[in-house]
1. Looking only at residues in the stretch 11-46 that are surrounded by 13 or more Cβ atoms within 10 Å (Cβ to Cβ) and farther than 30 Å from MET228 by Cβ, which one is modelled with the highest pLDDT?
2. Against the definition (of a type outside the set (A, V, I, L, M), surrounded by 10 or more Cβ atoms within 10 Å (Cβ to Cβ), at pLDDT 55 or above and under 23 Å from the mean Cα position of the chain (by Cα)), how does SER87 come out, yes or no?
3. Return the residues of the stretch 185-236 that are under 17 Å from TYR173 (Cβ atoms), aliphatic (A, V, I, L, M), assigned to a helix (DSSP H, G or I) and more than 15 Å from the chain's Cα centre (by Cα); say none if nothing qualifies.
4. Filter the stretch 40-54 down to the residues that are over 21 Å from the mean Cα position of the chain (by Cα) and part of a helix (DSSP H, G or I) and list them by number.
5. Of the residues that make up the stretch 155-174, is at least one modelled with pLDDT under 85, open to solvent by 40 Å² or more (accessible area, probe 1.4 Å), charged (D, E, K, R) and outside any helix (DSSP H, G or I)?
6. Read through the list (1) part of a helix (DSSP H, G or I); (2) surrounded by fewer than 18 Cβ atoms within 10 Å (Cβ to Cβ); (3) of a type outside the set (Asp, Glu), then give the number of the only condition that SER178 fails.
7. Just one of the numbered conditions (1) small (Gly, Ala, Ser); (2) in a helix (DSSP H, G or I); (3) at pLDDT 85 or above is not true of GLY62; which one?
Amino acid sequence: MEDIQGLRQETQESRSSPRSKLMEAILVLLHARPLRTSEISSNLGYETKYVSSYLSYWRKKGLIYQEGGRWYLTPQGESLATAIIDSYSNSRFREMLVIAKQVLGEQVKDSINNKTKQGSDKDRREVLSFIDSKTGSQVNKSQKKDLTVCLSEITEKLEKDEKDILIFLLDRYKQWGSTYVYMDQLQEEYRADSAWLFKVLRGLQTKKILYLYNDPKLGFRIGFSQTMKRKIENCE
């Protein structure tokens with residue numbers, strides 16, 4: 001009875017707002033990796049039938065789709081999941097910023113005490129030196145990371161035009177951090193013929209490297225597939 005009442009309550013929330021908190025939680029989970037209905041249920045602590053009703057509803061809304069028994073995010077669902085994660089990350093950042101300022105305030109107070117000033121300066125130099133060494137090593141590591149080299153097993157199997165487009169998209173990703181671009185932007189930046197470009201993109205889509213999504217308002221969106229994203233994450 002409680003489950004039925006809960007479902008009615010969540011359904012009412014879904015009607016009055018774009019989505020419920022449960023659906024937000026599901027989207028965040030699927031952003032990590034594709035999952036079966038039973039896996040989502042066990043991780044979130046809901047009955048499978050209860051979760052299944054949500055999945056069926058939001059599949060009709062175009063946020064998720066099912067393939068091979070697992071649920072995946074559509075490009076629209078992925079964008080929404082990213083927005084949800086960012087909203088919580090920003091909240092967490094604000095909390096940490098308050099603590100960081102408190103730490104700085106305590107550091108200033110400690111520096112007023114002449115008896116501990118010399119020791120504090122020494123400790124600070126050691127900490128800064130430690131941070132600098134760590135940062136330097138991280139910078140060196142990041143400089144050594146080259147996606148095109150890391151993903152050479154994929155790029156070398158592609159036709160020349162497909163390889164050129166993929167490398168262009170990887171370079172753009174390294175520069176801006178965006179995993180997708182719209183067709184008109186890509187055509188303008190790459191200065192390519194639209195028919196030729198679309199043919200090459202369809203080839204990359206067939207090879208599960210890119211996805212093509214027709215946004216009714218913004219046009220075709222091109223982005224890395226989930227499989228490709230995982231490979232990029234492994235390289236990073």
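The values are calculated or read from the model by the stated rules, or taken from the named source; none is laboratory data. Just so you know, these numbers come straight off a predicted model, no measurement behind them. Please note: Cβ atoms are built from the backbone with ideal geometry, for glycine as well, and neighbour counts cover all protein chains shown. Each accessible area value is taken on the protein alone, full model and side chains, heavy atoms only, with ligands, DNA and RNA left out. Shrake-Rupley method; radii C 1.70, N 1.55, O 1.52, S 1.80 Å.
1. TYR46
2. When the stated conditions are applied, SER87 passes them.
3. LEU186, LEU201, LEU204
4. SER41, SER42, THR48, LYS49, TYR50, VAL51, SER52, SER53, TYR54
5. Within the stretch 155-174, none of the residues are modelled with pLDDT under 85, open to solvent by 40 Å² or more (accessible area, probe 1.4 Å), charged (D, E, K, R) and outside any helix (DSSP H, G or I).
6. Every condition holds for SER178 apart from (1).
7. With respect to (1) small (Gly, Ala, Ser); (2) in a helix (DSSP H, G or I); (3) at pLDDT 85 or above, GLY62 is out only on (2).
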